[in-house]
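Here is the structure we will look at.
The values are calculated or read from the model by the stated rules, or taken from the named source; none is laboratory data. These numbers were taken from a predicted model, which means no experiment stands behind them. Cβ atoms come from the backbone with ideal geometry, glycine included; neighbour counts cover every protein chain shown.
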Amino acid sequence: MKNTITTIQEQKRKKDKISMLTAYDYSMAKLIDSAGINMILVGDSLGNVMLGYENTIAVTVEDMIYHTKSVVRGVKDAMVVTDMPFMSYQASVYDAVVNAGRIMKEGGAAAVKLEGGIDIVPQIKAIVKASIPVVAHIGLTPQSVHAFGGYKVQGKEEKDAKRLIEDAKAVEEAGAFCVVLECVPAKLAKLISESLTIPTIGIGAGAGCDGQVLVYHDMLGMFSDYKPKFVKNFGDVGKVMKEAFHKYIQEVKDEVFPGAEHEYAIADEVIDKLY
Ligand code: KIV
Ligand code: NA
């Protein structure tokens with residue numbers, strides 16, 4: 001079944017939890033989509049896990065479009081959401097609409113995701129008005145890493161918690177059809193989820209959210225640079241891959257691979273004439 005903004009919002013009403021994972025290329029998108037995921041996020045986390053940057057600051061609109069095109073070709077049923085990268089929407093409403101439009105038109109995404117609350121309400125309103133669905137993202141917003149002074153849980157103090165609730169209400173009113181809550185205390189995320197009509201998708205925000213999202217490298221043990229508390233390992237794929245690479249190297253050295261079954265034949269009378 002095709003996932004759309006309508007089915008995603010229906011899931012909240014039916015208390016049917018929404019599943020979301022990142023993907024950045026065709027083959028992985030196809031695997032995740034065929035497993036029955038609701039939403040695929042082409043996250044700007046590709047800066048970290050695909051491009052090897054220290055943070056997401058350097059990721060460009062071109063990077064996002066390139067990866068979105070690859071993902072969309074592998075997806076049948078999931079709703080594909082693409083992150084708007086740093087400085088593609090912060091400076092002006094005009095930038096926001098033009099870049100969201102490029103991501104949808106050239107990349108093929110069904111929605112865009114922007115980091116920020118009250119501060120980016122004009123951008124969210126304008127993008128939605130241009131018929132581009134918006135996913136908001138509040139709490140720990142990695143594009144603000146330098147402003148935060150590092151990656152920290154958000155909303156622990158009363159003032160910050162109040163601000164987060166206001167941000168959540170503001171993005172809902174601005175027209176976002178769902179909102180990602182990143183690194184928010186579980187009880188606060190639950191309160192926000194209960195006070196919104198749009199679904200919340202948590203990452204490090206506990207079980208009270210209407211859905212969950214993870215970076216696939218994290219949940220498959222494929223990324224070892226750091227491991228946040230909220231990550232759960234759902235399969236040691238990184239380890240399985242490494243073992244397979246070792247086995248391949250050894251079989252090449254030992255002349256075990258390729259075997260006869262992997263070779264193409266040529267008639268003896270042809271090859272004999274070549275000697
Ligand atoms: O870029 C990303 O993968 C994200 C998720 C972690 C929410 O924004
Ligand atoms: Na992101």
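In the set LYS113, LYS159, LYS129, LYS105, which member is in contact with a strand residue (DSSP E or B) (Cβ under 8 Å, 6 or more places away or on another chain) and either of a type outside the set (Asp, Glu) or farther than 19 Å from GLN9 by Cα (or both)?
LYS113
When you look at GLY211, is it within 16 Å of ligand 2 (Cβ to nearest atom), in contact with a Cys (Cβ under 7 Å, 6 or more places away or on another chain), under 16 Å from THR22 (Cα atoms) and at pLDDT 95 or above, yes or no?
On the way: within 16 Å of ligand 2 (Cβ to nearest atom): yes; in contact with a Cys (Cβ under 7 Å, 6 or more places away or on another chain): no; under 16 Å from THR22 (Cα atoms): yes; at pLDDT 95 or above: yes.
Against the criterion (within 16 Å of ligand 2 (Cβ to nearest atom), in contact with a Cys (Cβ under 7 Å, 6 or more places away or on another chain), under 16 Å from THR22 (Cα atoms) and at pLDDT 95 or above), GLY211 does not qualify.
Which condition from (1) outside any helix (DSSP H, G or I); (2) more than 18 Å from LEU31 (Cβ to Cβ) is the one that PHE223 breaks?
(2)
Does ALA109 satisfy being within 20 Å of TYR66 (Cα to Cα) and within 16 Å of ligand 2 (Cβ to nearest atom)? Lay out the reasoning, then the answer.
On the way: within 20 Å of TYR66 (Cα to Cα): yes; within 16 Å of ligand 2 (Cβ to nearest atom): yes.
Judged against the criteria, ALA109 is a match.
Could you check how many residues of the stretch 125-135 are more than 12 Å from ligand 2 (Cβ to nearest atom) and within 19 Å of the chain's Cα centre (by Cα)?
Taking the stretch 125-135 first, the residues more than 12 Å from ligand 2 (Cβ to nearest atom) are 125-134.
Keeping just the survivors that are within 19 Å of the chain's Cα centre (by Cα) gives 132-134.
Result for the stretch 125-135: 3.
Tell me the residue from VAL59, VAL98, VAL49 that is of a type in the set (Val, Ile, Thr) and either more than 16 Å from ligand 1 (Cβ to nearest atom) or touching a strand residue (DSSP E or B) at 6+ places or on another chain (Cβ under 6 Å) (or both), please. First the steps, then the outcome.
Values: VAL59 fails: either more than 16 Å from ligand 1 (Cβ to nearest atom) or touching a strand residue (DSSP E or B) at 6+ places or on another chain (Cβ under 6 Å) (or both); VAL49 fails: either more than 16 Å from ligand 1 (Cβ to nearest atom) or touching a strand residue (DSSP E or B) at 6+ places or on another chain (Cβ under 6 Å) (or both).
Selected residue: VAL98, the only one of VAL59, VAL98, VAL49 that is of a type in the set (Val, Ile, Thr) and either more than 16 Å from ligand 1 (Cβ to nearest atom) or touching a strand residue (DSSP E or B) at 6+ places or on another chain (Cβ under 6 Å) (or both).
Determine which single condition VAL81 fails, assuming it passes every other condition in (1) within 12 Å of ligand 1 (Cβ to nearest atom); (2) assigned to a loop (DSSP other than H, G, I, E, B).
VAL81 satisfies all of (1) within 12 Å of ligand 1 (Cβ to nearest atom); (2) assigned to a loop (DSSP other than H, G, I, E, B) except (2).
Among the residues of the stretch 49-66, which ones are under 14 Å from VAL145 (Cα atoms) and touching a Ser or Thr at 6+ places or on another chain (Cβ under 7 Å)?
Residue satisfying the conditions is THR56 alone.
Could you list, in sequence order, the residues of the stretch 142-157 that are buried (at least 20 other Cβ atoms within 10 Å of the Cβ) and within 12 Å of ligand 2 (Cβ to nearest atom)? Can you show your working first?
Residues of the stretch 142-157 that are buried (at least 20 other Cβ atoms within 10 Å of the Cβ), as a first pass: 142-143, 154-155.
Passing the criteria: PRO142, GLN143.
Restricted to the stretch 1-26, and to residues that are within 15 Å of the chain's Cα centre (by Cα) and surrounded by fewer than 21 Cβ atoms within 10 Å (Cβ to Cβ), which residue is farthest from ligand 2 (Cβ to nearest atom)? Give the derivation first.
Start the filter on the stretch 1-26 by keeping residues that are within 15 Å of the chain's Cα centre (by Cα), which leaves 18-26.
Filter once more, keeping what is surrounded by fewer than 21 Cβ atoms within 10 Å (Cβ to Cβ): 19, 25-26.
On the way: SER19: 17, ASP25: 17, TYR26: 20 Å.
Filtering first and then ranking leaves TYR26.
Right, VAL80: free of Cβ contacts under 8 Å to residues at least 60 places away in the same chain and surrounded by 15 or more Cβ atoms within 10 Å (Cβ to Cβ) or not?
Working: free of Cβ contacts under 8 Å to residues at least 60 places away in the same chain: yes; surrounded by 15 or more Cβ atoms within 10 Å (Cβ to Cβ): yes.
It is true that VAL80 is free of Cβ contacts under 8 Å to residues at least 60 places away in the same chain and surrounded by 15 or more Cβ atoms within 10 Å (Cβ to Cβ).
Going through the stretch 123-142 one residue at a time, which ones are away from ligand 1 (no atom under 16 Å from the Cβ) and under 18 Å from THR56 (Cβ atoms)?
Within the stretch 123-142, just GLN123 meets the criteria.
If you scan the stretch 158-184, which residues turn out to be under 21 Å from the mean Cα position of the chain (by Cα) and without any contact (Cβ under 8 Å) to a residue 40 or more places away in the chain?
Within the stretch 158-184, just GLU172 meets the criteria.
Based on this model, can you work out whether GLY74 counts as surrounded by fewer than 21 Cβ atoms within 10 Å (Cβ to Cβ), on the phi > 0 side of the Ramachandran plot and in the same structural domain as HIS146 (by TED's automatic domain parsing)? Break it down into steps so the answer makes sense when it comes.
Numbers: surrounded by fewer than 21 Cβ atoms within 10 Å (Cβ to Cβ): yes; on the phi > 0 side of the Ramachandran plot: no; in the same structural domain as HIS146 (by TED's automatic domain parsing): yes.
When the stated conditions are applied, GLY74 does not pass them.
Of all residues in the stretch 10-49, how many are more than 15 Å from LYS113 (Cα to Cα), assigned to a helix (DSSP H, G or I) and touching an Asp or Glu at 6+ places or on another chain (Cβ under 9 Å)?
Of the residues in the stretch 10-49, 8 are more than 15 Å from LYS113 (Cα to Cα), assigned to a helix (DSSP H, G or I) and touching an Asp or Glu at 6+ places or on another chain (Cβ under 9 Å).
Does LYS162 fit the bill of being within 22 Å of LYS227 (Cβ to Cβ) and either assigned to a strand (DSSP E or B) or at pLDDT 95 or above (or both)?
Working: within 22 Å of LYS227 (Cβ to Cβ): no; either assigned to a strand (DSSP E or B) or at pLDDT 95 or above (or both): yes.
Here the answer is no, as LYS162 does not meet what is asked.
Going through the stretch 216-242 one residue at a time, which ones are at pLDDT 95 or above and surrounded by fewer than 11 Cβ atoms within 10 Å (Cβ to Cβ)?
LYS232
Can you run down the residue pairs with Cβ atoms below 7 Å, 6 or more apart or on separate chains, where the first is in the stretch 234-245 and assigned to a helix (DSSP H, G or I) and the partner is of a type in the set (A, V, I, L, M, F, W, C)?
VAL237/LEU220; VAL237/MET222; GLY238/LEU220; GLY238/MET222
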